[in-house]
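Report on the following structure.
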Protein chains: 2
Amino acid sequence: MHENVQQLNDYDAPTAFGPLTATVSYGLKRAYLRMIRDLEAALAPEGFTPPLLAALSIVVANPGIAPSRLAEAMGHGRSRAAPLLDRLEEMRLLAREAGADRRSLQLRATPAGAAMLARLEALLAAHERRITEGLSPEEASLLATLLEKVAREG
Amino acid sequence: MHENVQQLNDYDAPTAFGPLTATVSYGLKRAYLRMIRDLEAALAPEGFTPPLLAALSIVVANPGIAPSRLAEAMGHGRSRAAPLLDRLEEMRLLAREAGADRRSLQLRATPAGAAMLARLEALLAAHERRITEGLSPEEASLLATLLEKVAREG
DNA sequence: TATTGTTATACTCTATAACTATA
DNA sequence: TATAGTTATAGAGTATAACAATA
């Protein structure tokens, strides 16, 4: 049963992270994991996921954008756009329209899409407050700036 | 062919992000993506992936740790540990040893595992320098601190 | 009963290559 | 030939549930 010598391990809580301790690299991973889980949970009741929200946001902010430029803005290859657009079109939130160059498409949100995004913005704001709850407003703003610097240098 | 009116889109580069602009949430996603791709590329020549490195680091820093506590430290469920441990054991970098409570296992790195980690630390340091190249040392240190605050509140 | 480790399963994200239609 | 969009495929990461062994 229970004994005091039960644990022969030579470690104690909390668990140590070795060379990962206090690195930007592992901090990014841990913070990202916490963020994405909170966002997934916040969007699920609306039938949304983080990538769907990003795609809709970008289309609303850039009416007429082509799928390949959307994919580029989201940081991945062209082929990732198709299933996201299929889903958003299925939900009647956006439409793929033909342009003058018939190889290319122009993406536009429907009124329902714009309305949905407005609704999601409230969820997004609450999510942002949750993940920055341990930070002052100045720290949160600084964090966003530093993250953007890291992201841009790629 | 080429015409000046070719683009009827009412957007211009760079692409706008709408409500995602300047949020910690989307900044985290973008910075994480940049980081993880750099780390994957850095580790690939050694046959390693970021989760394998994290697992090995934590086992070396916590000799005798159990798989379930390793999984907890890495932020996911128990079942994720098994394939990572299979792989590391296959590589002869760690061993699963039986403890007093025979339900539980004690994980320990082999000498080869410790040597491998030492080698990986150099790659990790170079990786850390690359992803923080746009930041002063003070900013990088501050960023790591802020990220840890975000991660911990979960 | 509860806990540990494992297996099975499924879903998402991501990357690559190949196909089509247009230019 | 080059580009845009799509499809097919595969691999990795993650989550849940169920199982066997042990307590």
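Shielding by partners for peptide A:128-134, expressed as the average number of C-beta atoms from other protein chains within 10 Å of each residue's C-beta, is 5.
The mean sequence separation of alpha-carbon pairs under 8 Å and at least six residues apart, normalised by the residue count of region A:41-123, gives a relative contact order of 32 percent. Loop-located trypsin sites (Lys or Arg not before Pro) across region A:45-101 with a Cβ neighbour count of 12 or fewer within 10 Å are A:ARG92, with loop assigned by DSSP. Segment A:ARG80..A:ALA100, full-extension length gain: 4.8 nm, with 0.36 nm per residue of separation and the alpha-carbon distance subtracted. Based on the Cβ-Cβ distance from A:ARG92 to A:ARG119, what FRET efficiency comes out when R0 is 22 Å, to the nearest 0.05? In this case the efficiency is close to 0.90. For the rotation that carries chain A onto chain B, the axis lies closest to a Cβ at A:TYR32, 2, where the number is the distance in whole Å. Across the identical copies, the label point of B:ARG119 (7 Å from Cα in the Cβ direction) is separated from its matches by 5.5 nm, in order from shortest. Taking the label point 7 Å along Cα→Cβ, B:ARG152 and its counterparts in the other copies are spaced 3.0 nm apart, in ascending order. For region B:30-129, the Cα-based Rg and Dmax, in that order, read 13.8, 45 Å. Largest to smallest in accessible area, the residues B:MET116, B:MET91 fall in the order B:MET91, B:MET116 (1.4 Å probe, all protein chains included). Accessible-area rank, largest first, for B:ARG102, A:ARG152: B:ARG102, A:ARG152, with all protein chains present and a 1.4 angstrom probe. Label-point distances for B:ALA98 to the equivalent site in the other copies, using a point 7 angstrom along Cα→C-beta, read 7.2 nm when ranked shortest first. Among B:ASP101, B:ASP38, B:ASP86, the largest mean-square fluctuation in a Gaussian network model of chain B, built with springs joining Cα atoms closer than 10 Å, belongs to B:ASP101. Which of these, A:PRO63, A:PRO19, A:PRO45, has the largest mean-square fluctuation under a Gaussian network model of chain A (Cα springs below 10 Å)? Ranking A:PRO63, A:PRO19, A:PRO45 by mean-square fluctuation puts A:PRO19 first.
Mean sequence separation of contacting Cα pairs (under 8 Å, at least six apart), scaled by the length of region B:1-143, corresponds to a relative contact order of 21 percent. Were the residues from B:THR110 through B:GLU46 laid out at 0.36 nm apart, the gain over their Cα-Cα distance would be 21.3 nm.
Ellipsoid semi-axes for the protein assembly as shown, based on the Cα gyration tensor and the rule √(5λ), read 42, 21, 20 Å when sorted largest first. Across chain A, the longest run free of exposed loop sites, meaning GluC sites (Glu not before Pro) lying outside DSSP classes H, G, I, E and B with no more than 16 other Cβ atoms within 10 Å, spans A:4-132.
The values are calculated or read from the model by the stated rules, or taken from the named source; none is laboratory data. Just so it is clear, the model here is predicted, and its values are computed rather than measured. Using ideal geometry, Cβ is built from the backbone for each residue, glycine included, and neighbour counts are taken over all protein chains shown. To get the accessible areas, we keep the full protein, side chains included, count just its heavy atoms, and leave off ligands, DNA and RNA. Shrake-Rupley method; radii C 1.70, N 1.55, O 1.52, S 1.80 Å.
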